[in-house]
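Encoded as structure tokens, the structure appears first; notes follow it.
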Amino acid sequence: MPRTCYICKKGIHTGSIITRHGLPKAKGGIGLHTTGISRRTFMPNLQKVKIIEAGTVLTRKVCTRCIKSGKIVKA
């Protein structure tokens, strides 16, 4: 199963970790300097939940926002 929400299709997003060294100019330094950029992933908070769909009980991966908002009916 993919790492996406069954209801809202929320999935993995990518971003960066930016490493900076130095003292900011506002604190009297010469400024921050970027010394490294690494890729990272933002994972959705998915839970395996038994839901009722079309009169049958199915196990699906659903994000916590959909569970809290009541978009599913738990079995």
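The values are calculated or read from the model by the stated rules, or taken from the named source; none is laboratory data. Computed from a prediction, not measured in an experiment: that's the story for all the values here. All Cβ positions, glycine included, derive from the backbone under ideal geometry; neighbour counts span all protein chains shown. Surface areas here come from the heavy atoms of the whole protein model, side chains and all, with no ligands, DNA or RNA. Shrake-Rupley method; radii C 1.70, N 1.55, O 1.52, S 1.80 Å.
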Exercise. Output the peptides 22-31, 58-67, 45-54, 9-18 sorted from most to least packed, where packing is the average of other Cβ atoms within 10 Å over each peptide's residues.
Key: 58-67, 45-54, 9-18, 22-31
Self-check item: Per residue accessible area in Å² of the chain, where ligands, DNA and RNA are left out and the probe is 1.4 Å
Solution: 79 Å²
Practice problem: For the range 2-42, build the charge dipole from Cβ charges (+1 Lys, Arg; -1 Asp, Glu) around the Cα centre, then report which of H33, G11, H21 sits farthest towards its positive end. | Solution: G11
Quiz item: Ignoring ligands, DNA and RNA, what percent of the 1.4 Å accessible area of the chain is carbon and sulfur?
Solution: 54 percent
Quiz item: Non-local amide H neighbours of I7 (under 5 Å, H modeled in plane, Pro and chain starts lacking H): which ones?
Solution: C63
